[in-house]
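Read the structure below first, then the notes.
Every number here is computed from the coordinates shown, using simple stated rules; none is lab data. If you're wondering where the values come from, they're calculated on a predicted model, not measured in any experiment. Note that we place each Cβ from the backbone using ideal geometry, even for glycine, and neighbour counts take in every protein chain shown.
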């Protein structure tokens, strides 16, 4: 029963991909080599300013929460004693917190690298 379900999902995914593929191939590529006028640049900066304020607020709140969770992971690691499962869970928690922080803090760098 499980293999039939997996095959059905695979076939459905393949059909969906085949249906969407022409729209991806035939989509018109935008012209990114245009230059902005100073007025357009000022409008863009004016729109981007509140977005960056919200992003920075979320980034700093997430960093504070991550610090607390990292502290909790350290306490769990110290309190695990001889239980390897608790120790591994605490290590995984710390690893995921650090990975999340890297993603949050590196996102603007990745976006600016892709855009430029």
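Among [x] 23.2, 65; [y] 18.7, 59; [z] 25.0, 68, find the value of Rg and Dmax of the Cα atoms in Å that was calculated from the structure presented, and write down its label.
[x]
Can you tell me which of 70, 20, 99 moves the most in a GNM of the chain? Springs connect C-alpha atoms under 10 Å apart.
Evaluated over the chain, the most mobile residue of the options is 20.
Pull out a ≥ b ≥ c, the square roots of the eigenvalues of the alpha-carbon gyration tensor of the stretch 15-79, then state rounded if a/c is under 1.5, prolate if not and a/b is larger than b/c, and oblate in the remaining case.
Taking the square roots of the gyration eigenvalues as a ≥ b ≥ c, the stretch 15-79 is oblate.
Going by C-beta contacts inside 10 Å, put 110, 115 in order with the fewest on the left.
Final ranking by Cβ density, sparse to dense: 115, 110.
Go ahead and estimate [θ] at 222 nm for the chain from helices alone: -39,500 (n - 2.57) per DSSP H run with n ≥ 4, summed, over the residue count, rounded to 500.
Value at 222 nm, helices only, nearest 500: -30500 deg cm²/dmol.
Once you have a ≥ b ≥ c as the square roots of the Cα gyration tensor eigenvalues for the stretch 54-116, tell me rounded if a/c is under 1.5, and otherwise prolate or oblate according to whether a/b is larger than b/c.
Judged from the Cα gyration tensor, the stretch 54-116 comes out oblate (a/c at least 1.5, b/c at or above a/b).
With label points built 7 Å along Cα→Cβ from the Cα atoms of residue 65 and residue 77, find their separation and express it in nm.
2.2 nm
Gain in length, residue 91 to residue 44, computed as 0.36 nm per residue apart minus the alpha-carbon separation, to one decimal in nm?
Stretched out fully, the residue 91 to residue 44 stretch lengthens by 12.6 nm.
Which of 82, 94, 73 moves most in a GNM of the chain, Cα contacts under 10 Å?
Between 82, 94, 73, it is 82 that shows the largest mean-square fluctuation.
Compute the distance in nm between two label points, each set 7 Å from the Cα along the Cα-to-Cβ direction, one at residue 12 and one at residue 37.
So the label points at residue 12 and residue 37 sit 5.1 nm apart.
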